[in-house]
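The values are calculated or read from the model by the stated rules, or taken from the named source; none is laboratory data. Since we're looking at a predicted model, the values are computed, not measured. All Cβ positions, even for glycine, are placed from backbone atoms using ideal geometry, and neighbour counts span all protein chains on display. Ligands, DNA and RNA are stripped out before the accessible areas are found, and what is left, the full protein with its side chains, is counted by its heavy atoms. Shrake-Rupley method; radii C 1.70, N 1.55, O 1.52, S 1.80 Å.
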Amino acid sequence: MKTAIVTGASTGLGREFVRQLADVFPEVECYWLIARRADRLEELAESLPDKQVECLSMDLCDTMSFMALQEKLSAQQPEVVLLVNNAGCGYLGNSGEVDTASLTRMIDLNLRALTAVT
């Protein structure tokens, strides 16, 4: 089954990518939606009645999420035809004024998670 995986699918651009997929890629039969907020993913899934949708509530800054995703990919072996690696964040502030935890979380999500999901 042709599958699209979309990270950061619960809001913003990720949500809009999901909404536009059927028009641009009609051959995709299944969507794997990944984001932290399960309720928003479920709401989005309800708006896609003609598609098989799997909502994967995952925090891509958590190593356990990658392990769960890897296990799911190994077990189901979907035919992934599209990856929209959209999850990301940005914190504004002067260098030295933004707390280290926020900065490292941003790096983890924008670089490490992007690489691991790919």
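State the percentage of accessible surface on the chain attributable to carbon and sulfur atoms; use a 1.4 Å probe and exclude ligands, DNA and RNA.
Carbon with sulfur: 51 percent of the solvent-accessible area.
Pulled fully out, how much extra length does the chain show between Met64 and Gln76, if you take 0.36 nm times their separation in residues and subtract their Cα-Cα distance?
Working: separation 12, 0.36 × 12 = 4.32 nm, distance 1.82 nm.
That works out to 2.5 nm of additional length.
Once every DSSP H run of n ≥ 4 in the chain is given -39500 (n - 2.57) and the sum is divided by its residues, what mean residue ellipticity at 222 nm do you get, rounded to the nearest 500 deg cm²/dmol?
On the way: 5 runs with 48 residues, N = 118.
Only helices count here, giving -12000 deg cm²/dmol.
How large is the accessible surface per residue of the chain, computed with a 1.4 Å probe and reported in Å² as a whole number?
Per-residue accessible area for the chain comes out at 61 Å².
Under 11 Å from a point 7 Å along the Cα-to-Cβ line of Ala116: which residues of the range 52-86 have their amide N that close?
Residues 59-70 qualify, since their backbone N sits under 11 Å from the label point.
Quote the charge dipole size of the chain about the Cα centre in Debye, to the nearest 20; the model charges only the Cβ of Lys and Arg (+1) and of Asp and Glu (-1).
Using only the charged Cβ atoms, the result is roughly 180 debye.
Take the alpha carbon atoms of the range 87-118, find their center, do the same for the range 6-48, and report the distance between the two centers in whole angstrom.
The range 87-118 and the range 6-48 have Cα centres separated by 23 Å.
Quick check: convex hull of the Cα atoms in the chain, volume per residue, rounded to a whole Å³?
Enclosed volume per residue, from the Cα hull, is 102 Å³.
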